[in-house]
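For reference, the structure discussed in these notes is given below.
Since every read-out is calculated from the coordinates, none of them should be taken as a lab result. These numbers come from a predicted model, not from an experiment. In this analysis, Cβ positions are derived from the backbone assuming ideal geometry, glycine residues included, and neighbour counts consider all displayed protein chains.
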Amino acid sequence: MTVGKDVSALFPDVVNCMQTDNLELKKLVYLYLMNYAKSQPDMAIMAVNTFVKDCEDPNPLIRALAVRTMGCIRVDKITEYLCEPLRKCLKDEDPYVRKTAAVCVAKLHDINAQLVEDQGFLDTLKDLISDSNPMVVANAVAALSEIAESHPSSNLLDLNPQSINKLLTALNECTEWGQIFILDCLANYTPKDDREAQSICERVTPRLSHANSAVVLSAVKVLMKFMEMLSKDLDYYGTLLKKLAPPLVTLLSAEPELQYVALRNINLIVQKRPEILKHEMKVFFVKYNDPIYVKLEKLDIMIRLASQANIAQVLAELKEYATEVDVDFVRKAVRAIGRCAIKVEQSAERCVSTLLDLIQTKVNYVVQEAIVVIKDIFRKYPNKYESVIATLCENLDSLDEPEARAAMIWIVGEYAERIDNADELLESFLEGFHDESTQVQLQLLTAIVKLFLKKPTETQELVQQVLSLATQDSDNPDLRDRGYIYWRLLSTDPVAAKEVVLAEKPLISEETDLIEPTLLDELICYIGTLASVYHKPPSAFVEGGRGVVHKSLPPRTASSESTESPETAPAGAPPGEQLDVIPTQGDLLGDLLNLDLGPPVSGPPLATSSVQMGAVDLLGSGLDSLMGDEPEGIGTPNFVSPPAAAAVPANLGAPMGSGLSDLFDLTSGVGTLSGSYVAPKAVWLPAMKAKGLEISGTFTRQVGSISMDLQLTNKALQVMTDFAIQFNRNSFGLAPAAPLQVHAPLSPNQTVEISLPLNTVGSVMKMEPLNNLQVAVKNNIDVFYFSTLYPLHILFVEDGKMDRQMFLATWKDIPNENEAQFQIRDCPLNAEAVSSRLQSSNIFTVAKRNVEGQDMLYQSLKLTNGIWVLAELRIQPGNPSFMLSLKCRAPEVSQHVYQAYETILKN
Amino acid sequence: MIHSLFLINSSGDIFLEKHWKSVVSRSVCDYFFEAQERATEAENVPPVISTPHHYLLSVYRHKIFFVAVIQTEVPPLFVIEFLHRVVDTFQDYFGVCSEPVIKDNVVVVYEVLEEMLDNGFPLATESNILKELIKPPTILRTVVNTITGSTNVGDQLPTGQLSVVPWRRTGVKYTNNEAYFDVIEEIDAIIDKSGSTITAEIQGVIDACVKLTGMPDLTLSFMNPRLLDDVSFHPCVRFKRWESERILSFIPPDGNFRLLSYHVSAQNLVAIPVYVKHNISFRDSSSLGRFEITVGPKQTMGKTIEGVTLSSQMPRGVLNMSLTPSQGTHTFDPVTKMLSWDVGKINPQKLPSLKGTMSLQAGASKPDENPTINLQFKIQQLAISGLKVNRLDMYGEKYKPFKGIKYMTKAGKFQVRT
């Protein structure tokens, strides 16, 4: 307002004008103060008096204005003086003042959080939730939500049925913005049973008819979340489903920006509950003047809703879109046709013919895109539509994009036996081999090898040429590796090569980009927020280290069911008996003499990766058998063994079956000989959920350090780079100790093994189950999430041996309620073997005793976070079932320690 | 909550910024400019942009980008709805919302923005209350202000904010008490090549202009309320009565407001009031193409179709067009390839047509895409969905108001594919 001039010099004069009765002047002075108080903090104190006085003005509007302005002055010295007037205003008789004061608490919290907590403003704010005036309630909720966001752990919005009732009442009467705050707050509540959920839903449903789309979407969020609790056979459930559709459709007739946000959310809703919008396909049809971001989203939803019933309509539309002007959109439309073919089997034929029609248009990018999707259709329906190959081949020359070229080459290689001039076609690609992108090179290599295996007689020269190009003239390690593998494979055992290279391929999944169900459930709780626009949980992108409370859909509970504790320990011996089991001190002393335990043995460092294969002569005479009738072809000049320097790296990728894989399997056997038990690798993230990245892995503990052994396999057709990994907060603070090092880009079909060192200094949050670990892996394609359960024994530390006195004292000290009993069945080991096996996993036997023919082992272990677990293991000779009693101050770990025992003893 | 607002014109200058919390540096807009550069047209700039520390939410209206900056997780629709409210308020205050007007009234703009948000929380967004706080500028008031030295800040306090009906100011007085309602329906439709309807839906609104003294309580009932698939109300409408009796009962705000918007979906049969016959053909060898369009009325319930305009984005290969309309005027811009034809009224006896040839780039193959025709039209005194207001009653006040209702049907996004 001052046209950019600095007028701070006038500060004292302006402050003098503050005590005026002229409202306009007062407002101007306030505005001035807000702008300049920061530059003149000492002078600003002069204004405090007037503020305090104005806060007691008879006119509520003046009081509110004063408290509002005071909160905007971001000067520490002033905030201290603000406390008293603010406290008074929070209890003001006039609702307008109270509602302004509620927002002021949030402002103050932003400036000085500690002050707000010390002064008890948070409690006053919580009281305002049950205020009689709806506007005050709404503002209190808004202020609390904002404060809670910077304090995720604090239980500020502690909702109970009474406060929920208050909120629902206020919901009907407050402004549209207030309704948004209240609805968002309601969404965080978990009703105790389905009846409560239904009654809340009934009271929220009218909000679907609000003119403000943000209110509508927030109401949708509450309903989507609480619907999870309702039984599907309930009449009300059906009514609710029907009520949800019209408002969502209406959102689509709003302005494009609103449409975009709505579409991103509808995308989630359609994945969670496709039944809501299954009849509304038409509203997602694209208008040609929609902005591009709306078009692309609509297209995505159209594919999700495509079904046998509406496929004809959808295809007609998609075909129409494929003739539009916008290149990106056209491409996506063509791709969508392919996805429809894969999704709705009955339509595949029609989709293929549509694609052929499009290829006939000869529009360059349409043809290329069509070829890429036809390749996918071939993968889904092998040997069904080969008749179109001829048409595809006609367009070979127009392909200039790597993806399309690679797809075409794949098709030629795959169906080499049915294409008469396959060798000529591939040869034509080979001419410019070095100018192709890696993707095409790899595909070309594979295709020619396939061709060779199918028609060995005519193509021998070609395969030699490509192998030498790939191995000798290429700088790309992926290409070289694949070249060597094929080379060796062909020269060692052509039959095996045939089995490997021409193996039956797994079918591709129907829907490639579905969101993982657990993530989807989480995102449903975030409908209407930025998280839903990005389809990522807030923890993945919210600023800074600020943790975010994970939300999850409520479980379905019927009102009649009583809650059952999930962990009921199997009924063991009656309490009286347990006392006998605890050794008296005297007994223990005697027994200790018998102990034959050495100091903790730590295993030798793991010798992994660099297993030198040396000059294993893989090149045998195998090739002869394949090319027996071609004497001059037996490759003395050409098939020289690859340069010796290029020893085969340990992490040879490529899915190989038969004999060859055994040779390379050496690595996996070595690690397990010493150290804690290592479970075999399990697939954590299947390729179909992660756009072709498959992750399998296990956890190990070696010499005090935990690591996560990962095996990354690229099952996609493009190279993967830029890997990174991140863990969500977990019960024991597990976190990567080093970044994920994948040195070279991961080419298609390549596998790499990585050992990721972990530490336990990350942030801690209790997970359910306790040993749940949520992992995010990023690469150049996308971010993927999975969760896995880690065995607890990787957390048992090396110094977990307790002094026996201490053991005794602690055992007595821990209350009996904390004792859990388990049975370990079918374990044929004797006490010695058990003890030594457990010791290698850092479960130490403190004492051993023989009572009535039973061996009693008293054991201790310590977790990385310092929790001690004491155990008593009763072994009856001849009886393969052991009794395990665990005592721990944190009884929730017992179950998992028991599982660790099971795993260690049984493997 | 909403941190800051930047107004940016289409050439990329930030001409106004307002911060409700601490100041966010202008440089945050660089991310926006990047996105703007990537998008070929202003309309295609994505509405949500993430930057390392902030999120930018933008709407594009009247050739101005309204960019809101937020720092924490705030519902994006909340922000976008608020930005729409800002645009509406500007339009309400200044008649038009454009860069020069905003620059001319920069003081009022700042005052209004200050009242609309408090610390990022919406404070007063109802135009009734805002106008009480800050009076909209008029020529007379500007003259008076220059002479007397007063400003537009109201010396009244916003009493409405304290009442239970925050949308209505108290003490309203009129000599002529009148209430007008406009039922306006827009047809969104896609018609395919052969003339059959692919999808059609109706977006309807009831806009009201109510100038009534005191605190009137109105009820409005429809002949056929079942037609409406989805309704959204102005906050003044009592939802309970709509649920139980399908009657709109409300205490109206003073002045202009949108009472109701509704939706009649594609599930119901939507009558299409016009048809377009077209014959656009390109030939592979020749550099001339034929072009012919005829427009005619279909289901109009005997009403005349007015204000018809057709526009179409012709393929890039079209160099020029030589056309003769049977009525109205037409233009073709050879640079943007936009053809538009202002038809006017349709006379059912003599259907308007536009015929002629297109000259194409010599030697080029025929264009891949088919032009889509965008249609605009208006039909007075007809709500195409068949919605009819039954009666309007007033309670709570003694006088007899003058009531009026008007119907109109318009084309929304009405597209004909060729």
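Around B:Leu130, under 14 Å between beta carbons, what's the net of Lys plus Arg minus Asp minus Glu among the other residues? Intermediate values should be presented prior to the final figure.
Values: positive: B:Arg85, B:Lys131, B:Lys135, B:Arg168, B:Arg169; negative: B:Asp88, B:Asp92, B:Glu111, B:Glu114, B:Glu115, B:Asp118, B:Glu126, B:Glu132, B:Asp254.
Counting the neighbours of B:Leu130, the net charge comes to -4.
Can you tally the net charge around B:Phe222? Count Lys and Arg as +1, Asp and Glu as -1, for every other residue whose Cβ sits under 12 Å from the Cβ of B:Phe222.
Working: positive: B:Arg226, B:Arg246, B:Lys388, B:Arg391; negative: B:Glu245.
After counting each charged neighbour, the total is +3.
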Only four residue types carry charge here, +1 at the Cβ of Lys and Arg and -1 at the Cβ of Asp and Glu. Report the dipole size of chain B about the Cα centre in Debye, rounded to the nearest 20.
1540
Counting all C-alpha pairs of chain B, share separated by more than 40 Å (%)
33
Take B:Thr336, project a point 7 Å from its Cα along the Cβ direction, then tell me which residues of region B:310-330 have their backbone nitrogen under 20 Å from it.
B:310-323, B:329-330
Flagged as over-length at 23 Å C-alpha distance, from B:Lys337/B:Lys413; A:Lys848/A:Lys906; A:Lys27/B:Lys135; A:Lys282/B:Lys193; A:Lys91/A:Lys551; A:Lys91/A:Lys126, the pairs are A:Lys91/A:Lys551
For A:Asp6, placing the label point 7 angstrom along Cα-to-beta-carbon and taking region A:13-57, residues whose amide nitrogen sits under 12 Å are A:39-40
Farthest towards the positive end of the dipole of the protein assembly as shown, among A:Tyr785, A:Cys393, B:Tyr31 and with Cβ unit charges of +1 on Lys and Arg and -1 on Asp and Glu, lies the Cα of B:Tyr31
List B:Ile247, B:Ile346, A:Ile843 from most exposed to least, where exposure is judged by having the fewest other Cβ atoms within 10 Å.
B:Ile247, B:Ile346, A:Ile843
Please arrange A:Lys88, B:Lys173, B:Lys406 by how many other C-beta atoms lie within 10 Å of their C-beta, fewest to most.
B:Lys173, B:Lys406, A:Lys88
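Given the pairs A:Lys766/A:Lys801; A:Lys221/A:Lys278; A:Lys166/B:Lys398; A:Lys343/A:Lys778, which span a C-alpha to C-alpha distance of over 30 angstrom in this model? Can you show the working numbers first?
Working: A:Lys766/A:Lys801 26 Å; A:Lys221/A:Lys278 19 Å; A:Lys166/B:Lys398 37 Å; A:Lys343/A:Lys778 27 Å.
Result: A:Lys166/B:Lys398 exceed 30 Å.
Wrap a convex hull around the Cα atoms of region A:249-401, take a quarter of its surface area, and give that in square nanometres. Don't skip to the end; give the middle numbers.
Numbers: hull surface 35.7 nm².
Hull-based average projected area comes out at 8.9 nm².
Roughly how big is region B:274-380's charge dipole about its Cα centre, with Cβ charges of +1 (Lys, Arg) and -1 (Asp, Glu), in debye to the nearest 20? Before the final figure, lay out the partial values.
Values: 12 positive and 7 negative charges, 65 e Å.
Rounded to the nearest 20 debye, it is 320 debye.
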Arrange A:Val783, A:Val851, B:Val308 by Cβ neighbour counts within 10 Å, fewest through most, would you?
A:Val851, A:Val783, B:Val308
Subtracting the Cα-Cα distance of A:Thr903 and A:Gln114 from 0.36 nm times their residue separation yields 279.2 nm
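Taking beta carbons within 10 Å but only from partner chains, what does the mean come to for residues B:258-265? Can you show the working numbers first?
Numbers: counts 1, 1, 2, 5, 3, 8, 0, 9.
Average per residue, whole number: 4.
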Taking amide H positions as placed in the peptide plane 1.01 Å from N, state which residues far from B:Leu319 in sequence (5 or more) or on other chains have amide H under 5 Å from it.
B:Ser359, B:Leu360, B:Gln361
Label points 7 Å out from Cα along the Cβ direction at A:Lys38 and A:Lys243: separation in nm?
4.6
FRET efficiency for B:Glu245 and B:Met408, Cβ-Cβ distance as r, R0 = 41 Å, nearest 0.05?
0.95
Ordering of A:295-305, B:12-22 by packing [mean C-beta count within 10 Å, highest first]:
A:295-305, B:12-22
Space enclosed by the convex hull of the alpha-carbon atoms of the protein assembly as shown, per residue, Å³:
229
With x for Gly and Pro, the residue-by-residue ³J(HN,Hα) of region A:462-476, computed from phi through the Karplus equation 6.51 cos²θ - 1.76 cosθ + 1.60 at θ = phi - 60° and given in whole Hz, is 4, 5, 5, 4, 5, 5, 6, 4, 6, 8, 9, 9, 10, 8, 7
Please give the net charge around B:Thr309, taking every other residue with its beta carbon less than 13 angstrom from that of B:Thr309, where Lys and Arg add +1 and Asp and Glu add -1.
+1
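Would you mind giving the mean number of other chain beta-carbons within 10 Å of the Cβ of each residue in B:324-332, as a whole number? Spell out each step's value before the answer.
Details: counts 0, 0, 0, 0, 0, 0, 0, 0, 0.
Going residue by residue through B:324-332 and averaging, the value is 0.
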Hey, what does the equivalent ellipsoid look like for region B:36-100, semi-axes from the Cα gyration tensor as sqrt of 5 times each eigenvalue, largest first, whole Å?
22, 16, 8
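Any idea what diffusion coefficient region A:762-907 gets from Stokes-Einstein, in µm²/s, Kirkwood Rh on alpha carbon pairs, 4 °C, 1.567 mPa s? Write down the numbers at each step before the final one.
Numbers: Rh = 16.3 Å.
The diffusion coefficient I find is 79 µm²/s.
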Rough spin-label spacing in nm, given labels placed 7 Å along Cα→Cβ, for A:Asp127 and B:Asp393
4.6
Given H placed on each backbone N at 1.01 Å, which residues far from A:Ala847 in sequence or on other chains put an amide H within less than 5 Å of it?
A:Tyr858
Over region B:160-298 - Rg/Rh using Cα atoms and the Kirkwood inverse-distance radius:
1.21
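Could you work out the mean count of beta carbons from other protein chains within 10 Å of each residue's beta carbon in B:167-178?
Working: counts 1, 0, 0, 0, 0, 0, 0, 0, 0, 0, 0, 0.
Whole-number average of other-chain Cβ neighbours for B:167-178 is 0.
Using a Förster radius of 25 Å, what is the FRET efficiency between B:Ser194 and A:His279 based on their Cβ-Cβ separation? Nearest 0.05, please.
Details: r = 24 Å, r/R0 = 0.96.
About 0.55, to the nearest 0.05.
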Distance (nanometres) between label positions extended 7 Å along Cα→Cβ at A:Cys393 and B:Leu351:
5.0
With +1 assigned to the C-beta of every Lys and Arg and -1 to the C-beta of every Asp and Glu, and no other charges, what is the dipole magnitude of region B:1-61 about the Cα centre in debye, to the nearest 20?
300
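Go ahead and run the numbers for FRET between B:Asp92 and B:Lys378, Cβ-Cβ distance against an R0 of 25 Å, rounding to 0.05.
The calculated FRET efficiency here is 0.55.
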When only alpha-carbon atoms are used, what values of Rg and Dmax, in angstrom, describe region A:722-777?
13.2, 38
To test your reading of the geometry: what angle, between 0 and 90 degrees and rounded to tens, separates the Cα axis of helix B:106-116 from the longest principal axis of chain B?
70
Residue among B:Gln313, A:Ile485, A:Ser145 farthest towards the positive dipole end of the protein assembly as shown, charges placed on Cβ:
B:Gln313
Tell me which of A:Leu65, B:Phe222, B:Pro47 sits at the most positive position along the dipole axis of the protein assembly as shown, charges placed on C-beta atoms (Lys, Arg +1; Asp, Glu -1).
B:Phe222
Check which residues have an amide H placed less than 5 Å from A:Gly800's amide H, if you skip close sequence neighbours.
A:Lys862
Computed P(r) (all Cα pairs; region B:274-380; 10 Å bins; percent)
15, 47, 26, 11, 2
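Could you calculate the contour length gain from A:Thr457 to A:Ala309, that is, 0.36 nm times the residue separation minus the distance between their Cα atoms, to one decimal place in nm?
Numbers: separation 148, 0.36 × 148 = 53.28 nm, distance 4.98 nm.
Length gained, A:Thr457 through A:Ala309: 48.3 nm.
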Segment A:Asn289-A:Asn879, length gained on full extension (0.36 nm per residue, minus Cα span):
204.6 nm
Cα-based Rg and Dmax for region B:2-148, in Å, come out at 15.5, 51
Can you compute the radius of gyration and Dmax for region A:406-548, using only the Cα atoms, both in Å?
22.0, 65
Under 19 Å Cα to Cα from A:Lys362, which aspartates and glutamates show up? Leave out anything in the same chain fewer than 8 places away.
A:Glu320, A:Glu324, A:Asp326, A:Asp328, A:Glu394, A:Asp397, A:Asp400, A:Glu401, A:Glu403, B:Asp284, B:Asp368, B:Glu369
